[in-house]
Amino acid sequence: MINDFSALGLSEAITKVVRTNGWESPTPIQSQVIPLILGGHDLLAIAQTGSGKTGAFALPIIERLLTESLRGADAKPIALILSPTRELAQQLTQAIQSVASPLGLSVATLIGGVSIALQAKALSKPIDIVIATPGRLLDHLRRRQIELSGVRFLVLDEADRMLDMGFLPDIQCIDKHCGSDGSRKKRQTLLLSATLSDEIRNVARQFLFNPQMVRMNANRAAVSVNQRFYRVPKSAKPLFVRDLIVDGQLRQVLIFVRERRQADALFKDLKADGFRVDVLHGERTQAARTNVLKRFKQHEIDLMVATDVAARGLDISELPAVINFDLPPNSEDYVHRIGRTGRAGKDGVAYTLIDETQGYRLQALERFLKQAINVEVPTAYEAFFKHHENQSAQAKPGESKLVSKSTSEKEKSMPTQRHRAQKQAMRGKSETRSRRPDPRSKQTQNESVQFDYVLPDF
């Protein structure tokens, strides 16, 4: 195991700045990737969230910018890093600037929701590294406010996420502009992803030339995360979330929901109950989204309800717990969601609520993780799920046995009186409450789910 960045071929100037930022030794992916990038290879790197991918590509790029006289006197950027979301781009900027700025390198961020005129003004000056979302970068290209012909390093970060969001045509267009001044043959392209799908393989064939490949525990969740699964009726989920937070004495909780409407509804419910909470989703302005993240990181609020816009790459230090209000449609997104906790060697807890409509997603997740998942049924809901199973068993041919229409409609109209009864049952000395995990405990009853060691972010 390599214990010092200097052993990877990085200069003393960079290693000094890295130590100043609190990073004494490289992570396993950094140990493998940094020498390859310094050697000029195109790269396909597959590693889970929290493995240190940012440092793995940023440090050698900065090293080469400093030592190979690649910087020009004009405003053409030398390195271009594409990111799927605004939040990730901002986070990348913070991480990279912490190393690049002390060494005299300039960094610009191009994202939506921010004045394009101010960004254009920044681009009129010499820029070494540009971090951008594809859509906003294309806006600048169409306005002729940025010149990419001199790009020597093209980084596709969170490439799987960019494909999911439909950015492939944008990336193809951007690629044609990078290195068009004759340096394209010398351009180094780096593709980083949390998963290795057929789509990622095809993109790698399209953009990479004779690449090296590094794969680190892909498609796996973190062992430092205590994962708990609960079967809860759909209409009772808000109630269960409230009691889970109170009974578990949870602080700094990120709550994931699928849809913006759900996020807003849960936010209003929790706020009405007196919790310090805010909501993060794509319909909020960039200023509002940035402010929510800032307040959450500074502990001004305890709960953040978020859609999957926040699932990838957000670096929230010492986040003790994540709640999945539901299972995401894509099993890969589950891994990314729970990867927000249990970072940097710290323990975390991920609670996932599975309702009567999500049996097929649970099965898909088990296949993806290649593990059996133990799902607890709180005592208050045992009768409901017994009834639901009976309804499903009696379903006519052609009807889905995953959820019966009649049961679903009944559940949607569950009366307030029943809610109160469930709340009393949950707050009593029930069997489930006694088994509810302490988020500070390192032990888990879900022994059937075992995962790989998670590494800290750069």
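Every number in this text was worked out from the coordinates using simple rules, so none of it is lab data. Everything quoted here is computed from the prediction, not taken from an experiment. Glycine also receives a Cβ, built like all others from the backbone with ideal geometry; neighbour counts cover every protein chain displayed.
Overview of results
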read-out: Highest-first arrangement of 167-173, 350-356, where packing means the average Cβ count within 10 Å; value: 350-356, 167-173
read-out: Packing-based order for 11-24, 373-386, using average beta carbon neighbours within 10 Å, highest first; value: 373-386, 11-24
read-out: Residues Val114 and Arg260, FRET efficiency given R0 of 30 Å [Cβ-Cβ distance, rounded to 0.05]; value: 0.90
read-out: Distance-filtered residues of the stretch 292-309 - backbone nitrogen under 17 Å, label point 7 angstrom along Lys271 Cα→Cβ; value: 292-296, 300-307
read-out: Inter-label distance for Asn291 and Cys173, nm, one decimal - labels placed 7 Å from Cα along Cα-to-Cβ; value: 3.2
read-out: Gain upon complete extension [Lys186, Thr20; 0.36 nm per residue less C-alpha separation]; value: 56.5 nm
read-out: Value of relative contact order over the stretch 5-216, rounded to a whole percent, pairs C-alpha under 8 Å and six or more apart; value: 28
read-out: Amide H contacts of Gln188 (H built 1.01 Å from N, under 5 Å, at least 5 apart or other chain); value: Phe153, Leu154
read-out: Cut-off under 5 Å, modelled amide H: who pairs with Thr27 long-range; value: none
read-out: Label point distance in nm, Asn210-Arg251, each placed 7 Å from Cα along Cα→Cβ; value: 5.6
read-out: Point-charge dipole on Cβ atoms (K/R +1, D/E -1) for the stretch 228-339, about Cα centre, debye to 20; value: 140
read-out: Shape category assigned to the stretch 5-216 from the gyration tensor of Cα positions, a/c cut at 1.5; value: rounded
read-out: Protection proxy ranking, peptides 104-114, 51-61, 357-367, average beta carbon neighbours within 10 Å, highest first; value: 51-61, 104-114, 357-367
read-out: Sequence-distant residues sharing a close amide H with Val214 (under 5 Å, placed H); value: Leu44, Ala45, Ile46
read-out: Projected label distance in nm at Arg367 and Ile2, using a 7 Å step from Cα toward the beta-carbon; value: 3.9
read-out: Length gained when the stretch Asn374-Thr67 is fully extended (0.36 nm per residue, less Cα-Cα span); value: 105.2 nm
